[in-house]
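Accompanying notes for the structure given below.
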Amino acid sequence: MGFNGDFGLINQGLALVGIDGPNWLQDTNTVKPALIIMAIWKGLGYSMLLYLAALQSVPRYLYEAAALDGASAWQQFRHITIPMVRPVTFFLIVTSIIGGSQIFVEINIMTPTGGPEFQSASIVWYIWQKAFDNLQMGYASAMSVVLGLLVFAITFIQFRLNRRNQFSID
Amino acid sequence: MSAQHVITTPPLEPTQELPDGSGGAGKSASRPTGGRPRSTKETLRLGNVITTLVLSVGAIVMIAPLAWTFSTSLKTKDGVFALPPQWIPDPFVWENYARIWTAGPLLSGIQNSLIVACSVTIVGSLTSALAAFAFAKMRMPFKNVLFLGLLSGS
């Protein structure tokens, strides 16, 4: 509903600033941005909650000490806030990439046929279609295993990168 | 912010950077000594206004789809596809909320959801806690690889 070209919510908003919005889900160029906007909107609350908890757990005395040393607001943010919420950032990046590479429900609801020219068919959606529409279970299972290995490799690389830049406070 | 200004006057270099970065350089230059706290206040107020504006736009963007869903729930079938779109439904009907209870088996749906949700929460928390303890405290071969495999499968 939100992405409908004639009366959808996004195009109503764009019309307010004088832009004639596209027909999001029918256009090969805009179907992926539409899904991205939707996924961001959906995941924002969760990420924000985690960041809120992380920001509240940064000790006040670090900011006080930095202010006494003459650090500007930007320097405090750069050298205290970002390092202190780094574990949460890492967690969110890892879980978001895993979740994003397994995106299915949004696609299956918004574009049940894979979108224009298959432009919104994700891996999991394609596996699902092969397995339960075409009943090619073996093919689908093989793709699932490869997807699992791929996600594993990406996560492994991320853990490696994180270990190299590990921040520690004494 | 103001406490910082008062305290950091002795070490000169960092404070010199501060007004430049925050955009209040012109004001503090025009009032070299006496006007300093006031200019900080003005910058703060302007910053508050801008922050509030940006956050308001974000809040509207986040809430709009929910408001639109609510508005749609009060429309008739024609009203849903009306052009131009109606934010306040013209034939304003509560009928859809009455249909909730008659058109489909909503109660048994809620029941099913509750059963699944409670079981997942209880069993999931218990088993996750046990597994987390194993990963946190015990020694085993290939611990990291096992953990990564578990994570990428979730």
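Here are some conditions: (1) of a type outside the set (Val, Ile, Thr); (2) assigned to a helix (DSSP H, G or I); (3) more than 13 Å from chain B (Cβ to nearest Cβ); (4) surrounded by fewer than 15 Cβ atoms within 10 Å (Cβ to Cβ). A:Leu62 meets all but one. Which one does it not meet?
Answer for A:Leu62: the failing condition is (4).
Let's see how each residue does on (1) at pLDDT below 90; (2) more than 14 Å from chain A (Cβ to nearest Cβ); (3) surrounded by 11 or more Cβ atoms within 10 Å (Cβ to Cβ):
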| position | (1), (2), (3) |
| --- | --- |
| B:Ala25 | yes, no, yes |
| B:Thr40 | yes, no, yes |
| B:Leu44 | yes, no, yes |
| B:Gly79 | yes, no, yes |
| B:Pro85 | yes, no, yes |
| B:Arg99 | yes, yes, yes |
| B:Thr102 | yes, yes, no |
| B:Pro105 | yes, yes, no |
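Could you go through the range A:78-93 and let me know if any residue there is of a type outside the set (Val, Ile, Thr), open to solvent by less than 80 Å² (accessible area, probe 1.4 Å), within 14 Å of chain B (Cβ to nearest Cβ) and in contact with a Pro (Cβ under 9 Å, 6 or more places away or on another chain).
No; the residues of the range A:78-93 include none that is of a type outside the set (Val, Ile, Thr), open to solvent by less than 80 Å² (accessible area, probe 1.4 Å), within 14 Å of chain B (Cβ to nearest Cβ) and in contact with a Pro (Cβ under 9 Å, 6 or more places away or on another chain).
So if I check each of A:Thr81, A:Thr89, A:Thr95, which one is of a type in the set (Ser, Thr, Tyr) and farther than 30 Å from A:Trp125 by Cα?
Unique residue meeting the criteria: A:Thr81.
So, in the range A:112-168, of the ones that are of a type in the set (Ser, Thr, Tyr) and part of a helix (DSSP H, G or I), which residue ends up least open to solvent (accessible area, probe 1.4 Å)?
A:Thr155
Look through the range A:45-55, keep the residues that are open to solvent by 70 Å² or more (accessible area, probe 1.4 Å) and among the hydrophobic types (A, V, I, L, M, F, W, C), and return whichever of them is farthest from B:Pro65 (Cα to Cα).
A:Leu55
Of everything in the range B:132-154 that's in contact (Cβ under 8 Å) with a residue 12 or more places away in the chain and within 11 Å of chain A (Cβ to nearest Cβ), which residue is surrounded by the fewest Cβ atoms within 10 Å (Cβ to Cβ)?
B:Leu150
Could you check, for the range A:130-139, whether at least one of its residues is within 14 Å of another protein chain (Cβ to nearest Cβ) and modelled with pLDDT of 90 or more?
No - not one qualifying residue is present in the range A:130-139.
Scan the range A:4-22 and tell me whether some residue there is away from every other protein chain (no Cβ under 14 Å), of a type outside the set (Ser, Thr, Tyr) and surrounded by 12 or more Cβ atoms within 10 Å (Cβ to Cβ).
Yes, the conditions are met somewhere in the range A:4-22.
How about the range B:135-154: which of its residues are touching a helix residue (DSSP H, G or I) at 6+ places or on another chain (Cβ under 9 Å) and more than 30 Å from A:Ile103 (Cβ to Cβ)?
B:Met140
Would you confirm whether or not the range A:23-39 contains a residue that is more than 12 Å from the chain's Cα centre (by Cα), more than 10 Å from chain B (Cβ to nearest Cβ), surrounded by 16 or more Cβ atoms within 10 Å (Cβ to Cβ) and modelled with pLDDT under 80?
no
Among the residues of the range B:124-131, are any more than 14 Å from chain A (Cβ to nearest Cβ) and touching a residue at least 12 places away in the same chain (Cβ under 8 Å)?
Yes; the residues of the range B:124-131 include at least one that is more than 14 Å from chain A (Cβ to nearest Cβ) and touching a residue at least 12 places away in the same chain (Cβ under 8 Å).
What are the residue pairs meeting all of these: first residue in the range A:118-143, first residue more than 20 Å from A:Gly99 (Cα to Cα), second residue open to solvent by 70 Å² or more (accessible area, probe 1.4 Å), Cβ atoms under 7 Å, and 6 or more apart or on different chains?
Pairs found: A:Lys130/A:Gln136; A:Lys130/A:Tyr139; A:Ala131/A:Met137.
The values are calculated or read from the model by the stated rules, or taken from the named source; none is laboratory data. Since this is a predicted model, take the numbers as computed values, not measurements. Note that each Cβ is placed from the backbone with ideal geometry, even for glycine, and that neighbours are counted across all protein chains shown. Just the protein is used for accessible areas: all its heavy atoms, side chains included, with ligands, DNA and RNA removed. Shrake-Rupley method; radii C 1.70, N 1.55, O 1.52, S 1.80 Å.
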